[in-house]
Amino acid sequence: MHINMNTSNAGRPSGTNMPAGSSLERQFYTDPAIYNLDIQKVFMHYWLCAGHVGRIPHPGDYFIYHVADESLIIIRADDTRIHALFNVCRHRGSRICTEETGHTKKLVCPYHQWVYDSDGSLIHARHMAAEIDFSNFGLHRAHCRVAEGLIFINLAEQPPDFSPFERDIVPRLKPYDLGRTKVCHARAYNIRANWKLVVENSRECYHCGVGHPQYCRAVGFAAAIDSPVAAEKENLVCSSQQELLAAQGIDSTQVPFLPGSWHHCRRFFLRDNFSTESMDGRPVALLLGSVTDTGVGVLAVVTLPNLLLEISSDYAMLMRLAPVSLHTTRADMEWLVAEDAVEGRDYDVTRVTDFWRLTAEQDWKLCEDNQAGVNSTRYQPGPYALVENGVAHFTHWYRTALTNP
């Protein structure tokens, strides 16, 4: 099997006459060997968003983060620090935590009852030789960083530098004070599509006009793709918001995907009569952080390979993707509201979640249909549209990632 790793042409397939800027070859979505390479070179190398601190507010709280065959215990220790521990007993390899979320004073392997502290250190191993050195048998750890309430983990021995995210993205998140939000609802989906097709779908709005009519009612740039008149109006609307943002200390400049970078953010504004990303445009919860006006639009943050975060003035939607198998991708979604918001008084879960639940489920259907077509022997890479530059960037980034040592 020949895999073209030429990274000078984003997504250019080998053995064809397609121009630069065409989609990936069929084997990248269907070949088990390439899927295994994806796990090794991408998901075992880059920083992954595992979730939000609101899921584990108290010492002993934990949740499980899955990526392919790996299972990580994301746990808040007694000293309140958060750890990412491989869910693999150091005795004979059993899973330790078998529930997706919970609370525990100690981590006890259900097989032979080895006991670990919440920081992963081994503290009891019954019937073992006296000379066993417990310090050599703590749970394996993943690198873990917390930034504005977002938990990032890295499974490599030597992770890439995390400081560019802290430098570029964290200041833009601060007005929302995400570290002081709570998860008002969480939902997981298994999508019958290769993880790359799901990421590609999230990197373009070429499909939005037909695929997301409700989204286009709220988001001006999505509808403007097919209308030069609407696009010009959208530019004027965006320009008129700058004074409002500046008055609230909100940085509206974009952080672009630069060569070699894995993070991006941009701010966009909603259409007339929409103050937040909701089905009717009306607010759905208390304003977040230091935001004092619903007219600040939406901050969108992407980190490759797995995070999409969209923050309106009153809630945030956090979506994380992870491969389960060659043709299955898990999407974990969390909706965040101010930590002091009271359900039934300050927000209604259905109104908070309706907009992105519908948008996401529309996307999952498109991704599954895409996978079904790519599975055919008649699939051939096709050229990207001018508005699919986000997909072209991703495929270029992905091919480069496969060359990681």
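Each reported figure results from applying straightforward, stated rules to the coordinates on display, with no laboratory input. As the structure is a prediction and not an experimental result, all values here were calculated from the model. Glycine also receives a Cβ, built like all others from the backbone with ideal geometry; neighbour counts cover every protein chain displayed.
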Convex hull volume per residue in cubic angstrom - Cα atoms of the range 274-405: 165
Report the charge-dipole magnitude of the chain in Debye, nearest 20, computed about the Cα centre from +1 at each Lys and Arg Cβ and -1 at each Asp and Glu Cβ. 740
Using just the alpha carbons, could you tell me how many Å³ per residue the convex hull of the chain encloses? 151
Using alpha-carbon pairs under 8 Å, 6+ residues apart, how would you state the relative contact order of the chain in percent? 21
Suppose a student asked you for the relative contact order of the range 48-159, using Cα pairs under 8 Å spaced at least 6 residues apart; what percent would you report? 26
Let me know the charge dipole size of the range 48-159 about its Cα centre in debye, to the nearest 20, where only the beta-carbon of Lys, Arg (+1) and Asp, Glu (-1) is charged. 160
Which value in nm describes the separation of the simple spin-label points at E339 and S290, placed 7 Å from the Cα toward the beta carbon? 1.8
Highest mean first, how do 316-326, 24-34, 96-106 rank when packing is the count of other Cβ atoms within 10 Å averaged over residues? 316-326, 24-34, 96-106
How many angstrom separate the Cα center of the range 46-81 from the Cα center of the range 110-176? 9
